[in-house]
């Protein structure tokens with residue numbers, strides 16, 4: 001007899017048997033294993049003072065999280081914020097995950113915006129308004145002034161008389177009161193939860209296997225499907241033979257999915273779907289498909305040849321996007337000229353959980369459960385693909401096992417919806433790791449040429465920067481061959497260094513694959529090039545790199561971003577420069593902090609080195625120092641990484657530190673091991689064996705996170721930690737070996753070939 005068990009049920013069984021030894025978490029309500037997430041909406045008797053908040057007659061508080069949870073802790077942070085201002089008991093709060101709905105405002109969990117872009121204040125205001133109404137209800141009950149009562153952890157108390165009432169006794173009266181104007185928010189000194197380390201909302205379920213991710217979603221009568229996608233972007237099925245696939249036990253149908261023409265935006269690539277009674281049967285059936293693919297204009301795409309094209313493009317004059325002073329004249333007259341080219345390859349998002357979606361189409365309505373970063377985009381794209389009104393599409397959001405930008409693109413959810421309509425049954429589409437790495441939206445490849453002139457004292461007097469990199473806009477519109485202003489505003493046009501003569505040019509770089517945003521987006525290659533080049537300039541000037549950076553930043557001041565010589569206004573991550581200025585004091589502070597905490601300047605043994613980099617992204621300031629050891633055969637080990645972050649204010653410090661630690665690992669992966677390449681239009685890599693992410697043996701032995709609380713406006717957290725780590729690593733390798741790293745990944749640049757990390761070394 002064969003017994004099947006879902007993987008999460010298996011983990012849960014192991015947990016009950018004692019494999020999971022301990023899990024600390026608040027005692028809040030959780031979804032039970034495999035319960036499909038639904039937004040419950042107001043129930044009879046519930047008071048809904050805000051679209052994000054409901055309070056039942058029994059006092060139960062329910063918070064709706066409208067952003068997606070992929071490990072960054074948004075569900076915890078937003079519950080904390082609401083509970084703190086409401087004065088609710090955090091341990092008893094229930095949580096609904098919001099469906100894709102415009103009533104919530106922006107739901108796109110991208111760009112490190114979940115807290116900083118209004119949610120923080122929306123949730124504080126909603127909680128504070130409800131608290132004040134509950135206090136007014138209690139005051140009316142006792143016949144006292146509202147200023148004499150105060151909410152405290154789920155009750156309202158009258159200190160003078162010792163009386164108290166739970167929220168449950170006050171809901172009926174509170175709901176009849178007008179919303180107070182203005183709302184009185186707590187002072188930071190009054191916070192019980194905000195700014196404190198609080199147990200993660202989903203921690204217990206994640207540790208015990210009860211958490212529902214996209215790959216866990218299931219429903220009665222569901223079919224399973226995998227898709228054989230075109231091997232080259234732009235190719236389509238010419239003909240196929242499914243006879244052998246249909247003979248596999250459990251395979252029921254083979255269905256062709258229409259592919260969108262290039263540029264495809266978020267729509268499916270097309271291909272052949274194998275629909276079966278199990279994922280295993282679907283995968284086995286797919287292996288037996290015989291397909292002839294049509295020609296694509298990208299059939300000849302070759303990473304090596306394309307790099308040569310980018311180099312040639314960047315060595316010729318490009319389109320001017322910034323022109324301050326006279327960079328050409330200053331370069332010609334400089335006491336010393338330095339130039340270098342930097343290359344960063346395509347990167348795959350490669351989250352631990354590949355994409356998955358369950359869809360059920362009934363008539364002209366579709367209901368979907370999926371691991372999406374943007375349920376509104378999923379709703380709209382499914383509606384467009386099925387040609388039904390978007391009001392007829394409901395998108396439920398599961399937990400995400402990582403996303404990094406990949407799961408903002410709902411092509412996989414469209415596939416599930418299409419197949420459900422074609423089969424008349426619920427369908428779960430499962431992408432394998434190979435599908436995800438070979439058919440995703442890779443991060444752009446980038447070639448950057450930098451030239452700078454130094455005067456006799458070692459000060460930068462001229463700077464010329466040329467960039468050849470396929471833009472993200474190429475996936476949305478034809479003939480997009482130049483990096484856009486929005487991408488250049490990620491570290492290039494907003495570069496903080498005090499240089500009187502600057503010229504920036506973009507050079508032609510046509511795309512031959514889908515291009516998507518990736519954690520930190522173009523900050524990744526641009527911070528790598530700029531920060532490595534700054535280190536080269538420091539050594540050319542005979543200066544200590546930290547002191548050189550501080551001198552180049554100049555005195556504490558706010559930069560006037562209207563006087564930078566740019567052709568168009570410089571973007572600022574969706575914020576106004578007046579509210580989130582480019583503040584040199586904050587640049588300097590994180591740099592000085594990381595230098596001090598890392599022991600910068602200490603004498604190191606031969607073969608060891610420390611490198612530094614500083615970068616502002618997503619309205620947050622981050623500096624990093626990486627300490628490396630390089631062996632005689634080029635083997636790299638990393639004893640320590642220090643990272644200092646000023647995000648203004650850390651709402652949930654524990655999760656901010658975790659995000660920094662994760663950023664270090666991801667950035668080191670980008671720098672040391674990860675590279676997506678193409679041959680004959682096809683992605684060469686397929687799984688973690690040849691698209692390598694950092695192994696445990698390669699990880700830093702110690703990562704120290706230093707939070708710098710400037711009191712500035714809230715910045716992002718999930719992405720800003722990534723950009724400065726890779727250049728700090730490259731600069732550390734130079735300090736240890738004298739070898740400049742100008743091309744990623746690092747391994748091929750060191751003597752002896754690929755990075756060889758001794759087994760078990762830390």
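Here are the numbers for the structure shown:
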| item | result |
| --- | --- |
| Spacing of the two label points (7 Å from each Cα toward its C-beta) at residue 633 and residue 148, in nm | 8.2 nm |
| For region 57-81 and region 626-701, distance of Cα centres in Å | 30 Å |
| Fully extended contour minus Cα-Cα distance, from residue 476 to residue 277, at 0.36 nm per residue | 68.1 nm |
| Inter-label distance for residue 337 and residue 498, nm, one decimal - labels placed 7 Å from Cα along Cα-to-Cβ | 2.6 nm |
| Cβ-Cβ FRET estimate between residue 364 and residue 176, R0 fixed at 51 Å, reported to 0.05 | 0.80 |
| Share antiparallel - DSSP beta bridges, the chain, percent rounded to 5 | 75 percent |
| Value of Rg/Rh across region 541-615 [Cα atoms, Kirkwood radius] | 1.08 |
| Rh (Kirkwood; distinct C-alpha pairs) - region 265-413, Å | 20.3 Å |
| Surface/4 estimate of mean projected area, convex hull on alpha-carbon atoms of the chain, nm² | 35.5 nm² |
| Extended-chain gain in nm, criterion 0.36 nm per residue less alpha-carbon gap, residue 57 and residue 326 | 89.9 nm |
| Viscosity 0.692 mPa s, temperature 37 °C, Stokes-Einstein D of region 214-258 from Kirkwood C-alpha radius, µm²/s | 250 µm²/s |
| Over the chain: helical MRE at 222 nm, DSSP H runs n ≥ 4 each giving -39500 (n - 2.57), nearest 500 | -8000 deg cm²/dmol |
| Square roots of 5 times each gyration tensor eigenvalue, C-alpha, region 171-249, largest first, Å | 54, 20, 19 |
| Amide N of region 415-443 lying under 14 Å from the label point, which is placed 7 angstrom from the Cα of residue 246 along Cα→Cβ | none |
| Separation of the residue 547 and residue 596 label points, Cα + 7 Å toward Cβ, nm | 1.9 nm |
| Potential extension, residue 456-residue 141 segment - 0.36 nm per residue separation minus Cα distance | 105.5 nm |
| Cα gyration tensor, region 599-719 - rounded (a/c under 1.5), prolate or oblate | oblate |
| For region 448-607: rounded, prolate or oblate by the Cα gyration tensor [a/c cutoff 1.5] | prolate |
| Whole-angstrom Cα spans of region 120-193 along principal axes, big to small | 33, 27, 20 |
| Centroid-to-centroid separation of region 246-302 and region 389-409 [C-alpha atoms, Å] | 22 Å |
| Where the Cα pairs of region 388-528 fall when distances are cut into 10 Å bins, in % | 9, 30, 26, 18, 10, 5, 2, 0 |
| Inter-centroid distance (Cα atoms) of region 113-191 relative to region 510-570, Å | 46 Å |
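Here, each number is a calculation from the coordinates, and none is a lab measurement. Just so it is clear, the model here is predicted, and its values are computed rather than measured. Note: ideal-geometry Cβ built from the backbone for every residue, glycine included; neighbour counts use all protein chains shown.
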